Amino acid sequence: MNTFDPYFERIREYESSLKDRGGNLRTWFAEPDNDKPGGRRSSPLLLKENTAVELGGPLTASSRFMLWTENACLVSHRKITLIGPDPAEIKRGLLPFGQVIIVAGSSLNGQIRLEVERVLSVAEQIPGYMARSTGGKIWSRVSLEALDNGFSLRSLGASVVARLCAALPDILAAVELLFVTSSVEDVHKLERIGAQVRKLDHDLRRQRLTKTAESEYQCESAISCEVCPDNDVCNEIRQILTIRKKGKRIW
């Protein structure tokens, strides 16, 4: 069993509980024909005055994390689930935001994980949409023009699935996305799962990186340290190396 597999059951229970409660749950499947890595990317900056809807951010609840398994049977390939309203349905305003990237593929290691994160950061760069995520939080903006042009979380999900499948065909066997905008309480419940997943992920990454502590540690990620999910762990390992080097000088 994969380390994260028990959390797949928790995510399914979470979805079922909201559906049983009468929540607005919708699902779609991204078309394979859309798996083309081309397309225009968005500007890295979307100003407040040009924003129609904000998702997550400092004024409401947000949660973002990734679940990984080697068992493709646990993932509904190309499935996009939205629990709650779509930005196009509220037109203007603020929504809580949860986003879970659910993937199946090769055995997860540091390099593969960073490659998936790199592609994800590119996949979310679609016209009229700006996303910033750090520490398990996500803050997104949807522009007025994007809403007028038909932006939806379904189209965002389809873009993410398409780019991941096109860029990493030898790594990923299945990709699924879950979006939650229904309520602050629902996103908080999702974050309870996400916090446990990130803690486990942190511990596993720390174990892998600590193995390099007897040699020089050098990060080879192409992602900026400001957005890299391994940043906190890297800083911790550098501190360990510094302490050990000082210890060697003393002796």
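Taken together, the values in this text are just the output of simple stated rules run on the coordinates, not laboratory data. Predicted, not measured: the structure shown is a model, and the values here were computed from it. Glycine also receives a Cβ, built like all others from the backbone with ideal geometry; neighbour counts cover every protein chain displayed.
Shape summary of region 5-201, radius of gyration then Dmax from alpha carbon positions: 15.7, 45 Å.
Under the simplified labelling scheme, the E70-E185 pair shows an inter-label distance of 4.1 nm, with each label point 7 Å from Cα along Cα→Cβ.
Here the peptides 72-81, 2-11, 177-186 are ranked by packing, the mean other Cβ count within 10 Å, and the order with the highest first is 177-186, 72-81, 2-11. In sequence order, region 113-125 has phi-based couplings of 4, 5, 5, 4, 4, 5, 5, 4, 4, 6, 4, 7, 8 Hz under the Karplus curve 6.51 cos²θ - 1.76 cosθ + 1.60, θ = phi - 60°, and Gly or Pro positions carry x. Proximity of backbone amide H atoms, modeled 1.01 Å from N, is registered between F97 and G56, A61, S62, S63 at under 5 Å, excluding neighbours fewer than 5 places apart on the same chain.
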